[in-house]
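Notes follow once the structure below has been shown.
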Amino acid sequence: MSATESSATDGRVPTQLDLDTLSRQLNRPVRDVVEIPARCICGNPLVAATAPRLSNGIPFPTTYYLTHPVLTAAASRLEAAGLMNEMTERLAVDTELAAAYQHAHESYIAAREAIGERAGTGPVPEIAGISAGGMPTRVKCLHVLIGHALAAGPGINPLGDEALAAVAQWWTAESCHCAGAWDNQAPVPNKDLSRHVKHLNQQNS
């Protein structure tokens, strides 16, 4: 069985309902989603895997994009509380942690390349060797690390696993937290105001 066939059989290939849900979760039209690598126990998406080159030509290094509003809000609370700085300071003195985080960086790049192959985007030299979230030497986005931890599973990204454990007061994998997190009856957003699209429009103006 090919990787594409395997991906389809385990429910990772997004349905139109998944894409509509993602757009409502993010409050903008979702783009170039290749897979849903993590789901709530109810089946709703938690993380979107995005092609490494968007259909408008922009390189996109953030392969695993955290989408669930409860999780994104929890990650923001941890960031505001200073957890990123604490983690970065530990990386500077804990060689074992730094080595594991380096491995997470390499794992992220390998996963992105595999997703790019499945998406048919081919190599993206502009982001070669670059992962996301500050890896491998610092922490600059807990949303990225939590998304990676959910997508890759435990034991791959040590700081992502820590951040995921830290959001347990707001979200756990054992319970559904979707009710009221977004409006399922709202129209699906169709106007993209993301910074990536704004940047492309500025380039073309």
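I'd like to verify a number: residues in region 132-148 that are part of a loop (DSSP other than H, G, I, E, B), under 20 Å from Glu96 (Cβ atoms) and not hydroxyl-bearing (Ser, Thr, Tyr), how many? Explain how you work it out, then say what you get.
Let us first name the residues in region 132-148 that are part of a loop (DSSP other than H, G, I, E, B), namely 132-141.
Restricting the remaining residues to those that are under 20 Å from Glu96 (Cβ atoms) gives 133-139.
Among the residues that remain, those that are also not hydroxyl-bearing (Ser, Thr, Tyr) are: 133-136, 138-139.
Adding up the residues that qualify gives 6.
Looking across region 149-179, the residues that are out of contact with any helix residue (DSSP H, G or I) (no Cβ under 7 Å at 6 or more places or on another chain), among the aliphatic types (A, V, I, L, M) and outside any helix (DSSP H, G or I) come down to Ala168, Ala173, Ala179.
Looking for something among the acidic types (Asp, Glu) and touching a helix residue (DSSP H, G or I) at 6+ places or on another chain (Cβ under 7 Å) - is there at least one such residue anywhere in region 28-46?
The initial filter retains those residues of region 28-46 that are among the acidic types (Asp, Glu), namely 32, 35.
From what's left, touching a helix residue (DSSP H, G or I) at 6+ places or on another chain (Cβ under 7 Å): 35.
Yes, that holds for at least one residue.
Yes/no per residue for (1) crowded, with 20+ Cβ neighbours inside 10 Å; (2) touching a His at 6+ places or on another chain (Cβ under 7 Å); (3) in a helix (DSSP H, G or I):
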| residue | (1), (2), (3) |
| --- | --- |
| Asp18 | yes, no, yes |
| Thr21 | yes, no, yes |
| Arg24 | yes, no, yes |
| Val30 | yes, no, no |
| Glu35 | yes, no, no |
| Ala38 | yes, no, no |
| Ile41 | no, no, no |
| Ala48 | yes, no, no |
| Asn56 | no, no, no |
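Condition check ((1) within 17 Å of the chain's Cα centre (by Cα); (2) closer than 30 Å to Gly122 by Cβ; (3) not β-branched (Val, Ile, Thr)) across all residues:
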| site | (1), (2), (3) |
| --- | --- |
| Leu19 | yes, yes, yes |
| Leu26 | yes, yes, yes |
| Val33 | yes, yes, no |
| Ile36 | yes, yes, no |
| Pro45 | yes, yes, yes |
| Leu54 | yes, yes, yes |
| Gly57 | no, yes, yes |
| Val70 | yes, no, no |
| Asn85 | no, no, yes |
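Report, by residue number, each residue of region 66-78 that is surrounded by 13 or more Cβ atoms within 10 Å (Cβ to Cβ) and not in a strand (DSSP E or B). First the steps, then the outcome.
Here is the first cut: in region 66-78, the residues surrounded by 13 or more Cβ atoms within 10 Å (Cβ to Cβ) are 66-75, 77-78.
Across region 66-78, the qualifying residues are Thr67, His68, Pro69, Val70, Leu71, Thr72, Ala73, Ala74, Ala75, Arg77, Leu78.
Of the residues making up region 152-164, those that are crowded, with 24+ Cβ neighbours inside 10 Å and more than 14 Å from Ala132 (Cα to Cα) number 2.
Evaluate region 73-87: report whether one residue or more is of a type in the set (A, V, I, L, M, F, W, C), under 21 Å from Asp18 (Cα atoms) and modelled with pLDDT of 95 or more. Full working, then the answer.
Step one: list which residues in region 73-87 are of a type in the set (A, V, I, L, M, F, W, C), which gives 73-75, 78, 80-81, 83-84, 87.
So of that shortlist, the ones also under 21 Å from Asp18 (Cα atoms) come out as 73.
Narrowing the set further to residues that are modelled with pLDDT of 95 or more leaves 73.
Scanning region 73-87 turns up at least one residue that is of a type in the set (A, V, I, L, M, F, W, C), under 21 Å from Asp18 (Cα atoms) and modelled with pLDDT of 95 or more.
If you go through region 79-130 and keep only what is loosely packed, with under 14 Cβ neighbours inside 10 Å, in contact (Cβ under 8 Å) with a residue 24 or more places away in the chain and either of a type in the set (Val, Ile, Thr) or not in a helix (DSSP H, G or I) (or both), you end up with just Gly122.
The values are calculated or read from the model by the stated rules, or taken from the named source; none is laboratory data. Given the structure is predicted, the values throughout are model-derived calculations rather than measurements. Cβ sites come from the backbone with ideal geometry, for glycine too, and all protein chains shown count toward neighbours.
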